[in-house]
Amino acid sequence: MRQWFGGLAPVLACGLAALAVVACSSGPSATIIDNTAPSATAQVTTGATPVAYAAQPAANDPSNTLILELKTGKVTIRLRPDLAPKHVERIKTLAKQGFYNGLTFHRVIPGFMAQTGDPKGDGTGGSSLPDVPAEFTPTAFERGTVGAARSNDPNSANSQFFIVYKHSPFLNSQYTVWGNVVDGMQFVDGVAKGEPPANPDKIIKMYLASDAK
């Protein structure tokens, strides 16, 4: 199923008319400010069931640090299992399989987001694993936030993901946040733009820092 940013037509009509279409789903300093940690009493909605947050992982934990290699350099993503444990587990599983190696950034909208993770390269694909239920939180979508792409069904995320270029509050609590870029965002800024790009950039390799060789 095509992984659109589902259910945002009214918001886009009011605040993002320049985008012309609803954006497809799954920004220049090198370091992105981390999202604010949730309080101990906050909750995450997993499917239809609210559950308590787990502890936030250490900033330098290699088992929760994802490296995304592009032709221009390495992007470091801090995973957030405290916000989205099921999504983080999926990303780890696919990264360990080498699933993301060679996949394109098939939808890149200037000033909004860069999307990848589709083996078909057209926004309609995913992995052979089951879809992941939504893990929505109030976590803000700021520059460098990584979210799970999905269709209009909140529980349809699979392998696709997107990285936002700037503050995007209309995505808050509508898409699962599973990570944030902490280094190398300038390389995401530089990926080829388009829907799809005429000559899309590719993920050379994506892996956990704990698996680096």
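None of the figures in this text is laboratory data; all of them are computed from the coordinates on show. Remember, predicted model here, so these are calculated numbers, not experimental data.
Some observations on this one:
- Extension gain from residue 71 to residue 89, taking 0.36 nm per residue of separation minus the Cα-Cα distance: 3.9 nm
- Alpha carbon centroid spacing (whole Å) that separates segment 143-174 from segment 177-202: 14 Å
- Per-residue HN-Hα couplings for segment 131-146 [Karplus 6.51, -1.76, 1.60; θ = phi - 60°; Hz; x = Gly/Pro]: 5, 9, x, 4, 10, 6, 9, x, 3, 6, 7, 10, 3, x, 5, 10
- Restraint check, 71/92; 96/213; 86/202; 166/193; 74/120; 166/205, Cα-Cα greater than 20 Å: 71/92; 86/202; 74/120; 166/205
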